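K.L.:
Just passing along the structure, written as structure tokens.
Values quoted throughout were computed directly from the atomic coordinates according to the rules given, and no laboratory measurement underlies them. Treat the numbers as computed from the prediction; the structure is a model and nothing was measured. No Cβ is skipped: glycine too gets one built from the backbone with ideal geometry, and neighbour counts run over all protein chains shown.
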Amino acid sequence: MIILHHLNNSRSQRILWLLEELGLEYRIERYQRDKKTMLAPESLKKVHPLGKSPLLEVDGRILAESGAIVDYLCRVNGGQAWSVAADDPAYQDYCYWLHFAEGSMMPPMLLKLVLDKIKANAPLLVLPVAVGIVAKVNKAFVGPNLTNNLAYVEQQLAGKEWLVGDKPSGADVQMSFPLEAAVARRLVTDKHPNIQAYVKRIHARPAYQRALEKGGEYQYA
């Protein structure tokens, strides 16, 4: 039995999409973010010590980390339809995108989110200092990295519908979250038509739409 421990507005939405694409039988255990802190509830720590989602329970075994879950599901249940064989020339590209999503794409996006919250919630007395620090970090690190990452993905999608080969794969599932989050936060602009079209292709898939219906609140779609 497969159980997805699903947190609203989280990375587990892409796992739900993949489960629908693979046509697997599964059950959803739902968790809601704390409305003040926006963190996952303490109850998730009863499933895994880190208390983060997604968590996939397969026959009593807990699998954590989106990339590892995507790799497992595609390799064990997707066959050649959603994974890439190790002897395929495209295998390294496939692995690259599985790691790029969280290793390179998400860190500056997360840092920008944190900095924006600092600026928005800083006490009036220290607001000028907070705004100055945030501006410097954004200019020196966050902004350039976001610009480079998005430009790189935009270039890689030129003339292609999917990241690896002529059909969607686990690489697209893994990259869906950072790119749709980037679109929702208006980091993706008119300079990125390939990314815009790519995210629309993902959202138009019947399996993705079914996942939205089953997953509940998800602000990035």
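K.L.:
From the phi of every residue in the range 171-183, what ³J(HN,Hα) in whole Hz does the Karplus formula 6.51 cos²θ - 1.76 cosθ + 1.60 yield, where θ is phi - 60° and glycine or proline is x?
P.N.:
So the Karplus estimates, Gly and Pro as x, are 4, 6, 4, 5, 7, 4, 5, x, 6, 6, 5, 5, 5 Hz.
K.L.:
Tell me the angle of helix 193-204 to the major Cα principal axis of the chain, expressed in degrees between 0 and 90 and rounded to the nearest ten.
P.N.:
Rounded to the nearest ten degrees, it is 50.
K.L.:
Within the chain, what percent of beta bridges assigned by DSSP are antiparallel, to the nearest 5?
P.N.:
60
K.L.:
Between their Cα atoms, which of Lys36/Lys136; Lys136/Lys200; Lys35/Lys119; Lys119/Lys200 are more than 24 Å away from each other?
P.N.:
Going by Cα-Cα distance, Lys36/Lys136; Lys136/Lys200; Lys119/Lys200 fall outside the 24 Å limit.
K.L.:
If you don't mind, another one. What percent antiparallel are the DSSP beta bridges of the range 2-83, to the nearest 5?
P.N.:
Rounded to the nearest five, the antiparallel share is 60 percent.
K.L.:
Tell me, which longest segment in the chain has none of the trypsin sites (Lys or Arg not before Pro) that fall in DSSP loops with at most 12 further Cβ atoms within 10 Å?
P.N.:
Of all site-free stretches, the longest is 37-159.
K.L.:
Further, regarding this structure: Would you mind working out the magnitude of the charge dipole of the chain relative to its Cα centre, with +1 at each Lys and Arg C-beta and -1 at each Asp and Glu C-beta, to the nearest 20 Debye?
P.N.:
It comes to approximately 1020 debye.
K.L.:
Pairs of alpha-carbon atoms within less than 8 angstrom and 6+ residues apart define the contacts here; what relative contact order does the chain have, in percent?
P.N.:
Normalised by residue count, the contact order of the chain is 25 percent.
K.L.:
Please list, by residue number, every one of the GluC sites (Glu not before Pro) in the range 12-98 that is coil in DSSP and has at most 12 other beta-carbon atoms within 10 Å.
P.N.:
Glu25
K.L.:
On C-alpha positions alone, give me the angle between the axis of helix 106-121 and the longest principal axis of the chain, in degrees, nearest 10.
P.N.:
Long axis of 106-121 versus the principal axis of the chain: about 40 degrees.
K.L.:
With unit charges on the beta carbons (Lys and Arg positive, Asp and Glu negative) and the dipole taken about the Cα centre of the range 1-66, which residue among Ala64, His6, Ser43 sits farthest to the positive side?
P.N.:
Of the options given, the answer is Ser43.
K.L.:
Run down the aspartates and glutamates and flag those whose C-alpha is under 19 Å from the C-alpha of Lys214, throwing out any fewer than 8 positions away in its chain.
P.N.:
Candidates past the 8-residue exclusion: Glu20, Glu21, Glu25, Glu29, Glu57, Glu180.
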